[in-house]
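Encoded as C-alpha cells, the structure appears first; notes follow it.
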Amino acid sequence: MSQKLSLKLIQEDCVKRKLKLTPPREKVISYLINETESRTAYQILEYLQQSDPSTKPPTVYRALDFLCLNGFAHRIESSNSFIACDLEGEKHMAQFFICQSCNQVTEFHSHKLSKILEEEAANFQFSIQQEILEAKGVCKSCRK
Ligand SMILES: [Zn+2]
Ligand SMILES: [Zn+2]
C-alpha cells in the first residue's frame, strides 16, 4: 500500500497552491489520514464534536467539499463515506479496492483503466465528467 498524505505535505501544498487550510479542514483531514477505513460525514462530525461540541454538520460538509475538490480526500460513493487520498495533491481519477471484511480502502490509479473507459465513452459519444471505480472483495490480511 502506498503512503498516505501527511498533514505536513498538505500544509505545504496549500501554501504552494494558495489554498486556505482552515482549522476544521485541517482537523477533518488529520482524522481521515489516521484511518484506514473510510468514514461517513456523521462519524467525522462526531469526532469534531469531541473537541468542539458546537460543531455543526455544514462545517463538516464544507470541509469535505474543499478536501475532495482539491484532491486531498475522496468520496467512496458506494458507502457514502470519505477517505484521505493516497497521493500527493492534484485532482485525479481514483479507483478503489474495498475489503468487505475489514472495510479497509486501498486507492490505486490505473491509467489503463481510465483509458479503456474513455474509449468506451467515445463509442457512445459520452463525455465522462466523473469516474467512479470501486471494487469490493477481500484484502490480503483478511485472506490469511
Ligand atoms: Zn487520490
Ligand atoms: Zn480486509
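A short reminder: the numbers here are calculations on the coordinates, not readings from a lab. From a predicted model like this one, the values you see are computed outputs, not experimental measurements. Every residue, glycine as well, gets a Cβ built from its backbone with ideal geometry; the counts of neighbours run over all protein chains shown.
Hey, fewest Cβ within 10 Å first, where do Asp13, Asp52 land in order?
Asp52, Asp13
Please work out whether region 7-84 counts as rounded, prolate or oblate from its C-alpha gyration tensor, where a ≥ b ≥ c are the square roots of the eigenvalues and a/c under 1.5 means rounded, while otherwise a/b larger than b/c means prolate and anything else oblate?
Verdict is oblate for region 7-84.
Order these by the 10 Å Cβ neighbour count, fewest first: Leu21, Leu64, Leu113.
Least to most surrounded, the residues fall as Leu113, Leu21, Leu64.
What's the angle, to the nearest 10 degrees (0 to 90), between helix 111-123's Cα axis and the longest principal axis of the chain?
Result, in degrees: 60.
Pairs to check: Lys115/Lys144; Lys27/Lys144; Lys16/Lys140; Lys8/Lys56. Give those whose C-alpha atoms are more than 29 Å from each other in this structure.
Lys115/Lys144; Lys27/Lys144; Lys16/Lys140
Hey, got the dipole for the chain? About the Cα centre, +1 on K and R Cβ, -1 on D and E Cβ, debye to the nearest 20?
320 debye
Provide the FRET efficiency to the nearest 0.05 for the Glu131-Leu69 pair, computing r from the beta carbons and using R0 = 25 Å.
The computed FRET efficiency comes out at 0.95.
Using a 10 angstrom Cβ neighbour count of at most 16 plus a DSSP loop assignment to flag exposed GluC sites (Glu not before Pro), which longest range of the chain is free of such sites?
The segment 1-87 is the longest one with no such site.
When the chain is fully extended, how far beyond the present Cα-Cα distance does Thr40 get from Val15, taking 0.36 nm per residue of separation?
Working it through step by step, the gained length comes to 6.2 nm.
Find, among the trypsin sites (Lys or Arg not before Pro) in region 1-104, those assigned to loop by DSSP (not H, G, I, E, B) with at most 14 other beta-carbon atoms within 10 angstrom.
Hits after loop and neighbour filter: Arg17, Lys18, Lys20, Lys91.
Could you give me the radius of gyration and the Dmax of the chain, taking only the C-alpha atoms into account and expressing both in angstrom?
16.2, 52
Treating the angle as unsigned and between 0 and 90°, give the value, to the nearest 10°, between the Cα long axis of helix 7-16 and the longest Cα principal axis of the chain.
Computed tilt is about 80 degrees.
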